[in-house]
Amino acid sequence: MRALCWVAADEMAVREVPDPELRNERDAIVRVRRSSTSGADLPLLAGRDPLLRAGDVLGTEFLGEVVEAGPAVRRHRVGDRVVVGASVACGGCWYCRRGRHSCCDNGSTDPVTADPGWGRSDAGCFGRPPAAGGFAGGHAEYVRVPYADVGAFRVPDAVGDDRALFAADAAPTGWLAAELGDVRPGDVVAVWGAGAVGQLTARAALMRGADRVVVVDRHEERLRMAERHSGAEPLDYRRTDIPSELRDRSGGRGADVCVLAVGAPPARSVTERLAGRGADRPDALHEAVHACRKDGVVVVLGGAEAFVDAFPLGAVTDRRLTLRGAGRPDLRDVPMLLHRMARDELRTEHLATHQLPLEDGPKGYALFRDRADGCVRAVFTP
Ligand SMILES: NC(=O)c1ccc[n+]([C@@H]2O[C@H](COP(=O)([O-])OP(=O)(O)OC[C@H]3O[C@@H](n4cnc5c(N)ncnc54)[C@H](O)[C@@H]3O)[C@@H](O)[C@H]2O)c1
Ligand SMILES: [Zn+2]
């Protein structure tokens, strides 16, 4: 089959790779109809993950049709149109039983690598190196979906492919961020990053009853899109003192919940690249900690940087902040989000600014990486 593979830093290519096969009785094979780029791919594209190998297939967010199901698959049949959650989770471990699929104990196929780095591995993920499961991603004609009853969800007929696609990752991640932030009616929420994840975090916060949601970025067209489609208030960080503006918009107290949905920027130097560190993200983290009200919550969504120096820990202690993080979405929210999509409460198709055949994958990634031509997400059709 044809698949979009990472080749080397800033180089992707569509190649012929072996077709995936059922390897476990709970697997399904899905023929892909749509797949999307994600901000989490950018550090991989830049070659910042030493475990990524030339030929690995990227793509965390995809939707397709079941073409084969293992004998233990109960909820799906051949022909079902399904969206596949980005997290690969077993459904039966301590965390999965409590709905925290992103923390699954049995998703990573290489905990030996993950454990020393993070303390303990989290769920697997499509289109990621072995520490995150080593599962081939969705930028391909077919994908093997492990634990298919847990991670694949039938798409209601009323929801089109371009909308349902984002129920795989961006929408459940945004929902999880609002939940981890414990967003309540009346809250003022600030979201750094107006990519797909930031925009859907803003939308989730408003759906949970937030009074005001401010989205911070520097890309005009993304800010305008967040305003138009999510009802968020845009702020350009190049022109505004964000913490002081947030105090003004929250009766002087600061944002109740601050969410970091910023992409990892390209490393500015070889030293940074070797250190696995970009430049902007720690700034945004400091800003969010400073802008958060006392007793508020700061939620950090993934990103590539494993270590951030000079973290303002004193502010967390003295101002009684809660710091929460998530590197993957949970799966339990996907049916609810599809339901909201079917009722038109959640619209996401505008995020797919660039629709391309899979063969144009390298071009799509270049547009997405450079945020060129107003690209928010490049979506591929095999
Ligand atoms: N936790 C999860 O479950 C999960 C899932 C998917 C993605 N993510 C993470 O969410 C982040 C966003 O994903 P995306 O697809 O929207 O990425 P994206 O790259 O499309 O968008 C990121 C946005 O952040 C902005 N940004 C960068 N630095 C900033 C700063 N200092 N202040 C304000 N804005 C800044 C960029 O201009 C860009 O518009 C990524 O870091 C990704 O790794 C997390
Ligand atoms: Zn599990």
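Structure summary
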read-out	value
Residues being among the charged types (D, E, K, R), open to solvent by 30 Å² or more (accessible area, probe 1.4 Å) and in contact (Cβ under 8 Å) with a residue 60 or more places away in the chain - total across segment 23-45	5
Boolean, Gly174 is open to solvent by less than 40 Å² (accessible area, probe 1.4 Å) and either at negative phi or within 13 Å of ligand 1 (Cβ to nearest atom) (or both)	yes
Residue satisfying condition, being within 16 Å of ligand 2 (Cβ to nearest atom), touching a strand residue (DSSP E or B) at 6+ places or on another chain (Cβ under 7 Å) and open to solvent by less than 10 Å² (accessible area, probe 1.4 Å), within set Gly133, Gly59, Gly127, Gly64	Gly133
Residue in segment 162-169 that is free of Cβ contacts under 8 Å to residues at least 40 places away in the same chain, buried (at least 23 other Cβ atoms within 10 Å of the Cβ) and farther than 21 Å from His290 by Cβ present	no
Any hit, segment 46-53, residues being crowded, with 23+ Cβ neighbours inside 10 Å and either of a type in the set (Phe, Trp, Tyr) or more than 16 Å from ligand 2 (Cβ to nearest atom) (or both)	no
Matching residues, segment 70-112, being within 16 Å of ligand 1 (Cβ to nearest atom), part of a loop (DSSP other than H, G, I, E, B) and open to solvent by 70 Å² or more (accessible area, probe 1.4 Å)	Arg100
First in segment 319-335 and over 21 Å from Gly39 (Cβ atoms), second anywhere and of a type in the set (Asp, Glu), Cβ under 6 Å, 6 or more apart	Arg320/Asp295
Among (1) within 21 Å of Ala177 (Cα to Cα); (2) touching a Gly at 6+ places or on another chain (Cβ under 9 Å); (3) of a type in the set (A, V, I, L, M); (4) surrounded by fewer than 22 Cβ atoms within 10 Å (Cβ to Cβ), the one test that Leu356 misses	(1)
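To keep it simple, each residue is scored yes or no on (1) part of a loop (DSSP other than H, G, I, E, B); (2) within 10 Å of ligand 1 (Cβ to nearest atom); (3) buried (at least 24 other Cβ atoms within 10 Å of the Cβ); (4) touching a residue at least 60 places away in the same chain (Cβ under 8 Å).
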{"residue": "Gly138", "(1), (2), (3), (4)": "yes, no, yes, yes"}
{"residue": "Asp149", "(1), (2), (3), (4)": "no, no, no, yes"}
{"residue": "Gly186", "(1), (2), (3), (4)": "yes, no, no, no"}
{"residue": "Gly198", "(1), (2), (3), (4)": "no, yes, yes, yes"}
{"residue": "Ala204", "(1), (2), (3), (4)": "no, no, yes, no"}
{"residue": "Val213", "(1), (2), (3), (4)": "no, no, yes, no"}
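The values are calculated or read from the model by the stated rules, or taken from the named source; none is laboratory data. Because the structure is a prediction, the values reported are computed rather than measured. Methodologically, a virtual Cβ is constructed for each residue, glycine included, from the backbone with ideal geometry; neighbour enumeration extends over all protein chains shown. Heads up: the accessible areas ignore ligands, DNA and RNA and are worked out on the full protein's heavy atoms, side chains in. Shrake-Rupley method; radii C 1.70, N 1.55, O 1.52, S 1.80 Å.
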